[in-house]
1. Give the residues of segment 228-270 that are farther than 22 Å from Trp184 by Cα and of a type in the set (Asp, Glu), sorted by residue number.
2. What number of residues within segment 228-243 satisfy the criterion of being surrounded by 12 or more Cβ atoms within 10 Å (Cβ to Cβ), under 15 Å from Ala218 (Cβ atoms) and not hydroxyl-bearing (Ser, Thr, Tyr)?
3. Of Pro144, Pro158, which residue is in contact with a Ser or Thr (Cβ under 8 Å, 6 or more places away or on another chain), buried (at least 18 other Cβ atoms within 10 Å of the Cβ), over 22 Å from Leu32 (Cβ atoms) and not assigned by TED's automatic domain parsing to the domain that holds Val24?
4. Kindly indicate the residue of segment 49-79 that is assigned to a loop (DSSP other than H, G, I, E, B) and touching a Phe, Trp or Tyr at 6+ places or on another chain (Cβ under 8 Å) and also farthest from Ile104 (Cα to Cα) among those meeting that condition.
5. Any idea how many residues of segment 190-217 are among the hydrophobic types (A, V, I, L, M, F, W, C) and loosely packed, with under 13 Cβ neighbours inside 10 Å?
6. Can you confirm whether segment 52-62 contains a residue that is of a type in the set (Ser, Thr, Tyr), in contact (Cβ under 8 Å) with a residue 24 or more places away in the chain, assigned by TED's automatic domain parsing to the domain that holds Met29 and touching a strand residue (DSSP E or B) at 6+ places or on another chain (Cβ under 7 Å)?
7. When segment 221-261 is examined, which residues are found to be within 21 Å of Ser181 (Cβ to Cβ) and out of contact with any helix residue (DSSP H, G or I) (no Cβ under 9 Å at 6 or more places or on another chain)?
8. Considering Trp184, Trp137, which residue is at pLDDT 85 or above, assigned to a helix (DSSP H, G or I), surrounded by 12 or more Cβ atoms within 10 Å (Cβ to Cβ) and not hydroxyl-bearing (Ser, Thr, Tyr)?
Amino acid sequence: MKPHGGLPIQPSRATGSKEKRTDVLHARMQSLAVALASMSEAQLKKAYPLEYNSYRSRRDAAEKQGVPWDPQFETFAGFLRAMGPKPEPSYTLDKIVAERGYVIGNCQWRSKEDQATNRDTTRFLTIDGKTHSVAQWSRLKRVPEDTIRSRLRRGWSPADAVNGTINARRCPQTVDCLIESLPWPKGSEAKWELWYLQHHREEERRLSFMLRWAKEWANQWRTKCESEFDRAGDVPFEWTEQFEKWQSIARGAECRCAARNLRRRFANRRGAEFSPDKEARLFDLAMKSGQSSKL
């Protein structure tokens, strides 16, 4: 193996115990102290190529993005003096607090796994008293990370999402999520679902069925009320109540159909920045926050 950090040794992964890895790192620090005292900037870059590659890439990125860069890091020698050599060849430079930038006290050598776990967007799951990130559970259980995330989005519990098992008795929230997704009036979901199964037209979606069904019943009650008024000059209150109920359901369904069509057109418009699915979710976010008038 080629020398790393000016010292011809094997990676610490091959050295065995934690004590040996500590001895290796201590030896590298001693070697670095000698190098800093005796080598030029150019010689340091050649002696520590892995550290220099990380240094150069982070410096260029910080300059382009306007990220703070410590004055002591202006030279590679100053950077090495502050950061030391990499503990492992695969380690990269990472910020502890992203907003503070690459400054002394806010930088450290970290593995890619540690950096992924340290992100603000990392989701942690606690199962049987043990807490790991989704990525860590994926490696521990040999389950694809995307599979775990997909199960969680569908309402699976953390344990079921990781272990691949689901039991309706232990996960009643999955049934609740399904009911919540139906367009039917609250409290009448089972009745409306039965009507839909019995009377829907070919390829007719539930919301479209609710609009058609409510309009038909509203028209029937309107006709009945008008006929009774012409005959007797009065209409029973219960009849008027039924007409108003079905008319209200029809108006609500009509508004939701219009919103659905607007959502579809927005998501599939020309020049959209993201995929139709992402654009649709952004539309839903705007609708929930009351910003739909700005779209």
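1. Matches in segment 228-270: Glu228, Asp230, Asp234, Glu238.
2. In the first step, residues of segment 228-243 are kept if they are surrounded by 12 or more Cβ atoms within 10 Å (Cβ to Cβ); the result is 228-229, 235-236, 239-240, 242-243.
Narrowing further to those that are under 15 Å from Ala218 (Cβ atoms): 235, 239-240, 242-243.
Subset that is not hydroxyl-bearing (Ser, Thr, Tyr): 235, 239, 242-243.
Adding up the residues that qualify gives 4.
3. Values: Pro144 fails: buried (at least 18 other Cβ atoms within 10 Å of the Cβ).
Result: Pro158 is the single residue among Pro144, Pro158 that is in contact with a Ser or Thr (Cβ under 8 Å, 6 or more places away or on another chain), buried (at least 18 other Cβ atoms within 10 Å of the Cβ), over 22 Å from Leu32 (Cβ atoms) and not assigned by TED's automatic domain parsing to the domain that holds Val24.
4. Within segment 49-79, the first condition is being assigned to a loop (DSSP other than H, G, I, E, B), and the residues that meet it are 66-68, 70, 74-75.
Okay, now just the ones that are also touching a Phe, Trp or Tyr at 6+ places or on another chain (Cβ under 8 Å), so 67-68, 70.
Details: Val67: 14, Pro68: 11, Asp70: 7 Å.
Here the answer is Val67.
5. So the first thing to find is which residues in segment 190-217 are among the hydrophobic types (A, V, I, L, M, F, W, C), and the list is 190, 192, 194-195, 197, 207, 209-211, 213-214, 217.
Now narrow it down to the ones that are loosely packed, with under 13 Cβ neighbours inside 10 Å: 190, 194, 197.
The qualifying residues number 3.
6. Quick first cut of segment 52-62, residues of a type in the set (Ser, Thr, Tyr) only: 52, 54-55, 57.
From what is left, the residues that are in contact (Cβ under 8 Å) with a residue 24 or more places away in the chain are 52, 54-55.
Pick out the ones that are also assigned by TED's automatic domain parsing to the domain that holds Met29 and you get 52, 54-55.
In the following step, the residues that additionally are touching a strand residue (DSSP E or B) at 6+ places or on another chain (Cβ under 7 Å) were identified as 54.
Within segment 52-62, one or more residues are of a type in the set (Ser, Thr, Tyr), in contact (Cβ under 8 Å) with a residue 24 or more places away in the chain, assigned by TED's automatic domain parsing to the domain that holds Met29 and touching a strand residue (DSSP E or B) at 6+ places or on another chain (Cβ under 7 Å).
7. Within segment 221-261, Cys255, Ala258, Asn261 meet the criteria.
8. On the way: Trp184 fails: assigned to a helix (DSSP H, G or I).
Being at pLDDT 85 or above, assigned to a helix (DSSP H, G or I), surrounded by 12 or more Cβ atoms within 10 Å (Cβ to Cβ) and not hydroxyl-bearing (Ser, Thr, Tyr) holds for just one of Trp184, Trp137, which is Trp137.
The values are calculated or read from the model by the stated rules, or taken from the named source; none is laboratory data. As the structure is a prediction and not an experimental result, all values here were calculated from the model. Here Cβ is always computed from backbone atoms with ideal geometry, including for glycine, and neighbour counts include all displayed protein chains.
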